[in-house]
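Engineer: The following block contains the structure, expressed as structure tokens.
None of the figures in this text is laboratory data; all of them are computed from the coordinates on show. No experiment lies behind these values; they were computed from the predicted model shown. Note that each Cβ is placed from the backbone with ideal geometry, even for glycine, and that neighbours are counted across all protein chains shown.
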Amino acid sequence: MRYTRAWQQYLKLSVAALPPARGLLPLVVLLGAWQLLQSGKSPYFPPPSDWWNGLMLLSKSGRLYPALSATTITLLLGLVLAAAVGTGVGLFIGVFPRLSRAIGPLLEFLRAIPPPAIIPVAILFLGYDERMKLTVVVLAAIWPILLNTSSAAERVHPLLLDVARSFRLSAVDRMRLIILPSVVPAILLGIRVALPVTIVVTLLVEILTSIEGIGALMIGAQRNFQSSQVYGLLVLIGLFGLLVNNIFAVFEAILLRRWPPKIQSENF
Amino acid sequence: MDKGRLIARINWPGTTVLVFGGLAWEAAVRSGLLEYEYLPAPSAIALGWGELAKEGILGSDIAHTLISVAIGWAAAMVLGIPLGFLLGLSATARRYCLASIEVLRPMPGVAFAPVGLLLFGFSLKTEMVVTILPVLWPVLVNTMGGITGIHQRLYDVGRTFRLSRKDTILSIILPAAMPPIVVGARISLGLALVLAVVAEMVGNPEGLGYGIVREQQALQPDRMFAYIVTVGFIGIVLNAGMLAVAEALLPTSRQLRGEP
């Protein structure tokens with residue numbers, strides 16, 4: 001009961017935090033002008049009404065929903081796995097300053113490699129299948145989460161650690177009661193940074209390997225010069241990204257509603 | 001900086017781990033402990049890199065990727081900073097644009113690859129279609145945020161000195177918004193490299209991104225890894241370069257932001 005109320009409250013808050021809807025005007029004007037100026041059939045710039053028809057065609061052929069669900073499942077599973085592993089390893093590294101100094105340069109080097117570049121490696125090692133897709137997504141999402149967690153665990157306020165010492169907390173309790181709660185905002189921030197990366201990498205794998213998903217659908221439509229389907233899927237992906245980001249923002253707000261320290265996130 | 005301090009600043013345990021990790025990898029592959037068909041030893045990667053460099057492909061690939069990064073990033077700066085200024089200065093512009101930006105911002109760059117391919121085929125133009133829009137957002141949003149985040153008291157100072165609108169912008173807004181703009185420019189640069197590589201993998205068969213895919217399809221893992229290491233290295237160099245430029249441009253910003 002209390003939790004449903006919290007949901008509603010935070011949904012309301014996050015809706016209130018959205019920028020005013022009249023800000024959509026430039027986009028609406030652009031699409032409207034496109035629709036009006038593009039009268040005939042165009043192979044390159046089909047009018048927005050055709051985009052909708054293209055999507056309907058795809059959905060009628062029964063290829064849209066499997067692709068959408070394949071992409072969504074990869075994304076969610078990848079994020080959950082990356083969050084679990086990244087948080088665990090990050091905490092472990094962060095708690096031991098010597099360890100973090102020793103493997104810091106290695107981690108920095110691994111992180112410097114752009115996530116898309118590991119896709120060909122994964123293809124070579126794992127072949128063209130779902131497992132490879134998931135591995136790549138996890139590897140891409142794990143760095144921001146891991147590094148954010150470990151640096152937050154290193155910077156837990158010394159006063160809090162003194163509290164743990166005063167109460168003679170065991171190592172497990174110290175982790176559970178002091179360190180974990182103080183790094184949760186950083187973990188969430190890491191996931192938020194990882195979100196767009198995982199979307200990009202998932203789509204890229206699908207485009208490169210034609211493993212089932214929206215990316216594969218899109219590149220297939222392009223190869224067949226189904227321009228209206230390409231644009232329709234582009235809009236769909238945009239909405240998908242928007243939805244995923246906003247759902248996570250609400251989730252984060254609910255989870256952090258009683259966390260005292262506010263994390264500065266303006267520069268990521 | 002004198003030599004002693006430089007030596008003391010090097011992270012010795014970190015360097016040791018890096019070196020030993022490399023040696024262990026080499027030993028594991030050579031002794032057959034790690035037996036993957038496609039896992040080359042670090043020495044093989046270095047040899048592959050040398051091969052590529054000697055054949056002259058690596059140089060031209062690096063040049064192509066760097067040029068694409070430069071074009072994409074420059075376009076994002078030229079568009080993003082003025083637009084960010086406009087949105088930061090005018091509340092009306094913000095009211096009528098912000099929602100559109102929030103809708104477009106999470107659009108993943110790769111999704112534009114099929115559209116680019118449709119319009120321009122495999123070309124540099126397709127690469128730019130993929131690169132420019134996502135690279136635009138960090139610098140635009142940071143410029144806007146930098147301006148809207150300026151403390152009211154700074155404007156009060158301007159009013160006390162009876163600064164004109166132009167002087168307020170030049171001597172109050174611009175310096176105060178500079179640090180976030182530079183941060184945005186740095187994030188954009190890193191993103192530009194990633195997206196250029198992505199675009200080369202799917203939309204423009206040239207440059208480092210295509211090199212990775214090409215060597216993977218040719219089953220030449222040593223050369224593929226050589227390309228990947230090169231991309232990572234360029235990323236580190238670009239980031240360090242931007243940091244150095246930022247520090248030269250804004251010597252005081254570190255203290256202002258309370259960083260050590």
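Engineer: What FRET efficiency would be calculated for the residue pair residue A:99, residue B:156, taking the C-beta separation as r and a Förster radius of 60 Å, to the nearest 0.05?
Structural biologist: 0.75
Engineer: While we're here: Would you compute the Debye intensity of the protein assembly as shown from its alpha-carbon atoms alone, equal scatterers and no solvent, and pass along log10 I(q)/I(0) at q = 0.08, 0.10, 0.11 Å⁻¹ to two decimals?
Structural biologist: For the protein assembly as shown, the Cα-only Debye profile gives -0.58, -0.93, -1.13.
Engineer: Continuing with the same structure: Report the label-to-label distance for residue A:57 and residue A:172 in nanometres (one decimal), using points 7 Å from each Cα along the Cα→Cβ vector.
Structural biologist: 6.1
Engineer: Which FRET efficiency value, to the nearest 0.05, is calculated for residue B:54 and residue A:85 with the Förster distance at 41 angstrom and r the Cβ-Cβ distance? The partial results should precede the final answer.
Structural biologist: Details: r = 40 Å, r/R0 = 0.98.
Efficiency for this residue pair is about 0.55.
Engineer: Let me ask another. So how far, in whole Å, is the C-alpha centre of the range A:165-206 from the one of the range A:25-92?
Structural biologist: So the two Cα centres are separated by 29 Å.
Engineer: Order these by the 10 Å Cβ neighbour count, fewest first: B:212, B:228.
Structural biologist: So the residues, fewest neighbours to most, are B:228, B:212.
Engineer: Averaged over B:69-82, how many beta carbons belonging to a partner chain fall within 10 Å of each residue's beta carbon? Mind dumping the intermediate values first?
Structural biologist: On the way: counts 0, 0, 0, 0, 0, 0, 0, 0, 0, 0, 0, 0, 0, 0.
The mean count of partner-chain Cβ atoms within 10 Å per residue comes to 0.
Engineer: If each DSSP helix of 4+ residues adds -39,500 (n - 2.57) and the sum is divided by the residues in chain A, what number results at 222 nm, nearest 500 deg cm²/dmol?
Structural biologist: Helices in chain A give a 222 nm mean residue ellipticity of -25500 deg cm²/dmol.
Engineer: Treat the count of other C-beta atoms within 10 Å as a stand-in for reagent exposure and order B:64, B:151 from fewest to most. Please list the in-between numbers first.
Structural biologist: Working: B:64 21, B:151 9.
Listing B:64, B:151 from fewest to most nearby Cβ atoms yields B:151, B:64.
Engineer: Return, for the Cα atoms of chain A, the radius of gyration and Dmax in Å, separated by a comma.
Structural biologist: 22.4, 77
Engineer: Are there trypsin sites (Lys or Arg not before Pro) in the range B:72-177 that DSSP marks as loop and that have at most 14 other Cβ atoms within 10 Å, and which are they?
Structural biologist: The qualifying sites are B:162.
Engineer: Still on this model: How much FRET efficiency would the formula 1/(1 + (r/R0)^6) give for residue B:125 and residue A:239, where r is the Cβ-Cβ distance and R0 is 30 Å, rounded to 0.05?
Structural biologist: Once the sixth-power term is evaluated, E becomes 0.70.
Engineer: Could you work out the relative contact order of the range B:107-185? I mean the mean sequence separation of Cα pairs under 8 Å and 6+ apart, divided by the number of residues, in percent.
Structural biologist: Value for the range B:107-185: 34 percent.
Engineer: Using only the Cα atoms, what convex hull volume per residue in Å³ does chain B have? Provide the component values of the computation, followed by the final result.
Structural biologist: Working: hull volume 46.5 nm³, N = 260.
Here the figure is 179 Å³ per residue.
Engineer: When only Cα pairs under 8 Å and 6 or more residues apart are kept, what is the percent relative contact order across the range A:58-255?
Structural biologist: This gives 28 percent for the range A:58-255.
Engineer: Please arrange A:228, A:151 by counting, for each residue, the other beta carbons lying within 10 Å of its beta carbon, fewest first. All intermediate terms of the calculation are to be shown ahead of the outcome.
Structural biologist: Working: A:228 23, A:151 17.
With the fewest neighbours first, A:228, A:151 line up as A:151, A:228.
Engineer: Same structure, new question: Would you mind computing Rg(Cα) / (2.2 N^0.38 Å) for the range B:50-196, counting N as its residues? Before the final figure, lay out each step's value.
Structural biologist: Numbers: Rg = 19.1 Å, N = 147, 2.2 N^0.38 = 14.7 Å.
Taking the Cα Rg and dividing by 2.2 N^0.38 Å, one obtains 1.30.
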